[in-house]
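Taking it in order: structure first as structure tokens, then the write-up.
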Amino acid sequence: MHPDSRFQPPGLGASLSRAVADDLSETAIAEVAMSVFGDPEVVPLWFGEGDLVTPQFVREAAAQGLQAGETFYTWQRGIPELRAALGAYTERLYGIKCSTDRISVTTGGMQAILLSCQLLLDPGDNIVIVSPIWPNITSATRLVRGEPRYVALDRRPGGWTLDLQKVFDAVDARTRAIFVNSPGNPTGWAMTSEEQRTLLEFARKRGLWIMADEVYARLIYTRPVAPSFLELAEPDDALLVLNSFSKPWAMTGWRIGWLTHPAGLGEQFAKLVQINTSGVPHFLQRGAIAALEKGDGFIAEMVERCRAGSELVFQRLSAHPRLTIARPEAAFYAFFSVDGVTDTMTFCKRLAKDYKVGLAPGEAFGPGGQGNVRLCFASGAERLSRGLDRIEAALEAL
Ligand SMILES: Cc1ncc(COP(=O)(O)O)c(C=O)c1O
């Protein structure tokens, strides 16, 4: 629910809108957050962002663009300089060739997902989705009348694993794509390069698309960057890689992401962008270029901050007898179960209302998520410690 929707006149709404829009549920994370909307006392660890503002040099670059009058309608798929910078960034990161005709700038990773669904799915088609998964992927699939089909990761003592055979078995004649988010939200699971190769070969054989959500590619603790499908694929493979400025450069509010796709799809994406948003504001794209060209130092700081956050959370919570928690390899979430708690929505609402700490309920993330709660550890020690104090107090009482 958007807070303003409370002020709509009664009677309008559901009856006038399409059933598919009515059926989209508010995400369970938003439901918890809205249950205490506006309460400044709550320590917010429920959303996928930390407490750092975007670095100054990025903000300055955007401000300069604004001051220079870059305020007009702009390129649908991104200004040429940003697409060139994204091509160069991809080449630098993965040691591959990536021409700018394979890149389209989008309004955040969210829009990259929605555009991909709009491009690939006819009503009744399905996407096989590796879960637990960020809920908006399900909503985007449903919005275009597609069917989400889940294959849950398996929880092992040290983390999560994917049984690829289950993915293969879930595919049928109406499957258009396989959606993999690696490194994953909420689990922190990261797919290996061998698994990616096996999946890519399967997709090629069966004529399927791979939608690879790699928005957490830079936030990994065991290597400099997570394995990417881009390292393995040919430029014209049926592969859409979805990415975002939000997480590595603390730019969640900017709403800038990008897609890497076969060159032949550029025109299709240009049309879809035009109809949906008509492009990302020109001056904001100047900030994105600065992030790509000068932002590696900030990412290193971000990774260290998250590593410290992860340490703190695990030191405090892994000792607790009621919690089952594993240290994630990547991303910035702890996803843990609480002995005695099955209804995590009610639990998270109680935590928010009575203990003033915001966590996300596991049921938001689809199959495999139930019974867990998610905590984002991208914040500094002060905020995390306050949140942890309150979680521990709640565990004593609830
Ligand atoms: C897995 C995943 N994909 C995509 C996104 C979208 O990010 P944004 O729209 O902020 O770029 C998120 C945000 O939390 C995410 O967790």
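Take segment 80-124 and flag every residue that is within 13 Å of Leu272 (Cα to Cα) and away from the ligand (no atom under 16 Å from the Cβ).
Leu119, Leu120
Which pairs have Cβ atoms under 9 Å, sit 6 or more apart or on different chains, and link a residue in segment 250-270 that is without any contact (Cβ under 8 Å) to a residue 12 or more places away in the chain and within 30 Å of Gly380 (Cα to Cα) to one that is of a type in the set (Phe, Trp, Tyr) and more than 9 Å from the ligand (Cβ to nearest atom)?
Correct list of pairs: empty, since none qualify.
Taking the stated definitions as given, is Leu199 aliphatic (A, V, I, L, M) and more than 15 Å from the chain's Cα centre (by Cα)?
Spelling it out, Leu199 is indeed aliphatic (A, V, I, L, M) and more than 15 Å from the chain's Cα centre (by Cα).
Considering only segment 118-167, how many residues are polar (S, T, N, Q), in contact (Cβ under 8 Å) with a residue 60 or more places away in the chain and farther than 20 Å from Leu199 by Cα? Talk me through it step by step, then tell me what you get.
Taking segment 118-167 first, the residues polar (S, T, N, Q) are 118, 126, 131, 136, 138-139, 141, 161, 165.
Checking which are in contact (Cβ under 8 Å) with a residue 60 or more places away in the chain leaves us with 118, 131, 136, 138-139.
Restricting the remaining residues to those that are farther than 20 Å from Leu199 by Cα gives 118, 136, 138-139.
The qualifying residues number 4.
So which of Gly295, Gly340, Gly369, Gly380 is without any contact (Cβ under 8 Å) to a residue 24 or more places away in the chain and more than 15 Å from Val32 (Cα to Cα)? Spell out how you get there, then give the answer.
Values: Gly295 fails: without any contact (Cβ under 8 Å) to a residue 24 or more places away in the chain; Gly369 fails: without any contact (Cβ under 8 Å) to a residue 24 or more places away in the chain; Gly380 fails: without any contact (Cβ under 8 Å) to a residue 24 or more places away in the chain.
Unique residue meeting the criteria: Gly340.
Would you be able to tell me the number of residues in segment 229-264 that are within 16 Å of Ala88 (Cα to Cα), in a loop (DSSP other than H, G, I, E, B) and either in contact with a Ser or Thr (Cβ under 8 Å, 6 or more places away or on another chain) or more than 10 Å from the ligand (Cβ to nearest atom) (or both)?
Of the residues in that region, 2 qualify.
Among the residues of segment 212-225, which ones are under 19 Å from Gly87 (Cα atoms) and buried (at least 22 other Cβ atoms within 10 Å of the Cβ)?
Within segment 212-225, Ala212, Asp213, Glu214, Val215, Tyr216, Ala217, Arg218 qualify.
Within segment 37-62, track down each residue that is free of Cβ contacts under 8 Å to residues at least 40 places away in the same chain and of a type in the set (Gly, Ala, Ser).
Going through segment 37-62, the residues free of Cβ contacts under 8 Å to residues at least 40 places away in the same chain turn out to be 37-38, 40, 56.
Of everything in segment 37-62, just one residue is free of Cβ contacts under 8 Å to residues at least 40 places away in the same chain and of a type in the set (Gly, Ala, Ser), namely Gly38.
With respect to Pro367, determine if the residue is of a type outside the set (Ser, Thr, Tyr), outside any strand (DSSP E or B) and modelled with pLDDT under 95.
no
For segment 31-81, which positions are surrounded by 13 or more Cβ atoms within 10 Å (Cβ to Cβ), hydrophobic (A, V, I, L, M, F, W, C) and assigned to a loop (DSSP other than H, G, I, E, B)?
Val36, Val42, Leu45, Trp46, Phe47, Leu52, Trp75, Ile79 - these are the residues of segment 31-81 that are surrounded by 13 or more Cβ atoms within 10 Å (Cβ to Cβ), hydrophobic (A, V, I, L, M, F, W, C) and assigned to a loop (DSSP other than H, G, I, E, B).
Kindly check whether there is at least one residue in segment 126-136 that is surrounded by fewer than 19 Cβ atoms within 10 Å (Cβ to Cβ), under 17 Å from the mean Cα position of the chain (by Cα), of a type outside the set (Val, Ile, Thr) and within 11 Å of the ligand (Cβ to nearest atom).
Here is the first cut: in segment 126-136, the residues surrounded by fewer than 19 Cβ atoms within 10 Å (Cβ to Cβ) are 136.
After this cut, where a residue has to be under 17 Å from the mean Cα position of the chain (by Cα) as well, the list is 136.
So of that shortlist, the ones also of a type outside the set (Val, Ile, Thr) come out as 136.
Still in the list and also within 11 Å of the ligand (Cβ to nearest atom): 136.
Yes, there is a match, as at least one residue in segment 126-136 is surrounded by fewer than 19 Cβ atoms within 10 Å (Cβ to Cβ), under 17 Å from the mean Cα position of the chain (by Cα), of a type outside the set (Val, Ile, Thr) and within 11 Å of the ligand (Cβ to nearest atom).
Which one is nearest to Ala331 (Cα to Cα), of the residues in segment 202-224 that are within 16 Å of the ligand (Cβ to nearest atom) and either of a type in the set (Val, Ile, Thr) or more than 21 Å from the chain's Cα centre (by Cα) (or both)?
Ile220
Across segment 156-192, what is the total count of residues that are within 24 Å of Thr222 (Cα to Cα) and in contact with a Leu (Cβ under 8 Å, 6 or more places away or on another chain)?
Filtering segment 156-192 for residues within 24 Å of Thr222 (Cα to Cα) gives 156-164, 179-192.
From what is left, the residues that are in contact with a Leu (Cβ under 8 Å, 6 or more places away or on another chain) are 160-162, 164, 180, 183-184, 187, 189, 191.
Selection size over segment 156-192: 10.
Just to be sure, is Ala190 within 16 Å of the ligand (Cβ to nearest atom) and among the small types (Gly, Ala, Ser)?
So Ala190 passes the test.
Does Phe298 qualify as being over 13 Å from Gly78 (Cα atoms) and at pLDDT 95 or above?
Working: over 13 Å from Gly78 (Cα atoms): yes; at pLDDT 95 or above: yes.
Spelling it out, Phe298 is indeed over 13 Å from Gly78 (Cα atoms) and at pLDDT 95 or above.
If I filter segment 243-263 for residues that are touching an Asp or Glu at 6+ places or on another chain (Cβ under 7 Å), modelled with pLDDT of 95 or more, of a type outside the set (S, T, N, Q) and surrounded by fewer than 15 Cβ atoms within 10 Å (Cβ to Cβ), do I get at least one hit?
Scanning segment 243-263 turns up at least one residue that is touching an Asp or Glu at 6+ places or on another chain (Cβ under 7 Å), modelled with pLDDT of 95 or more, of a type outside the set (S, T, N, Q) and surrounded by fewer than 15 Cβ atoms within 10 Å (Cβ to Cβ).
The values are calculated or read from the model by the stated rules, or taken from the named source; none is laboratory data. These figures come from a predicted structure and were not determined experimentally. Note: ideal-geometry Cβ built from the backbone for every residue, glycine included; neighbour counts use all protein chains shown.
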